[in-house]
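Here is the structure we will look at, set down as structure tokens.
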Amino acid sequence: MDFRSINFNENFSPKIVVVGSCSIDLVLNTSKMPQANETVLADQSQSFFGGKGANQAVATSRLGASVYFVGAVGADPHGQQILRNLRDENINIGFVAEKSQSSTGTAFVTAAEGKNAIVVVPAANNLLSPMDIEAADKAISQADLVLTQLEIPLEAVEYLYKKCEKHNVKIALYASPAKKLSQKIIDQSEFILAKTADLAEIFGPESREQIMKRLPNKLFVRDDTNSTIYFNGTEMSYYRNDPAQTAHKMGMGDAFTSGFAIAYCHKNEIKNCVKFGNDISLKVAENRGSQSGLPYLKNELV
Ligand SMILES: OC[C@H]1O[C@H](O)[C@H](O)[C@@H]1O
């Protein structure tokens, strides 16, 4: 991965506000993906910091952005650990709400055969409200880009879009987990990243080609079955099929979105934004968990 192939303005630190989920990921490594009614043994269980929003906040901060995270934790030790981690990653946590009536979000991940299956218990993430977003009004109004995902209530996402519209601030979406999107969200998004498998739920029953034709320069689609990303009538292979270099495939979409966003803020061509997003997502796949492999711009540009 060559950071020098991307244009970075070293005097510019993009202001990014990430609005989304934060969780503790409990990961079970098994040699075989369990089927229904089957019991398998795990080689190892580990916990990591995760949640799509927190992953994007950490990724963009390590890539040189000045980041605010807007999210929610429960009043429990996991919540405190997450806040400490975000603070250690130089992220402003002034707009993370503590929901005393809830626990912190947890994702239960089974990682096997180079794939993963994730069950998320949103807990506090489901309580993120328009009022929590309102509290971050000033930070949002000053952002170069706002990033969000769909692991928080759609009501909160819709409120966020209205706020960005009011302040004329760009907003981008990683449309995961899949939910049907309103035309307003589609129209207003600067870019949307989605997975092929989720397209019908997000956009309705058209083919990938038809949907992409309607959204040139806006929709970027990752296909996990053939490790390809589709955009603007073209495609780019994004995954080295080298199992030795693959630890977990978790967090690749968050890493892609973040790398793309940073290259975009530094005004790179779309093709190079896609390439940079791909490179960052490969880095994350080489390490366990969704955050540990994310690179630091300051180490790469020396
Ligand atoms: O996108 C990866 C994330 O999805 C799940 O929500 C896990 O928290 C994991 O970190």
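Just so you know, all these numbers are worked out from the coordinates, no wet-lab data involved. It should be emphasised that the depicted structure is a prediction, and the values quoted were computed from it without experimental measurement. Heads up, the Cβs are rebuilt from the backbone with ideal geometry, glycines too, and the neighbour counts pull from every protein chain shown.
How many angstrom lie between the C-alpha centres of region 155-229 and region 37-55? Region 155-229 and region 37-55 have Cα centres separated by 27 Å. Among the listed pairs K275/K298; K195/K267; K218/K271; K213/K267, those with a Cα-Cα distance over 21 Å are K195/K267; K213/K267.
Using a simple spin-label model with pseudo-atoms 7 Å out from Cα toward Cβ, N90 and N217 lie 3.2 nm apart. Of the chymotrypsin sites (Phe, Trp or Tyr not before Pro) in region 100-192, which ones lie in a loop per DSSP and count no more than 10 other C-beta atoms within 10 Å? Filter output for region 100-192: empty list. Available extension along the chain between L26 and S13 is 1.4 nm, counting 0.36 nm per residue and deducting the alpha carbon span. For T225 and K298, the FRET efficiency from 1/(1 + (r/R0)^6), where r spans their Cβ atoms and R0 equals 35 Å, is about 0.45.
Taking 14 Å as the straight-line reach from the Cα of K283, the aspartates and glutamates in range (excluding those fewer than 8 positions away in the same chain) are D2, D242, D254, E300. Take the Cβ-Cβ distance between K162 and E98 as r, set R0 to 22 Å, and report the resulting FRET efficiency rounded to the nearest 0.05. The value I calculate is 0.30. Please give the net charge around L145, taking every other residue with its beta carbon less than 9 angstrom from that of L145, where Lys and Arg add +1 and Asp and Glu add -1. Summing Lys and Arg as +1 and Asp and Glu as -1 gives 0.
Subtracting the Cα-Cα distance of M131 and T196 from 0.36 nm times their residue separation leaves 20.1 nm of extension gain.
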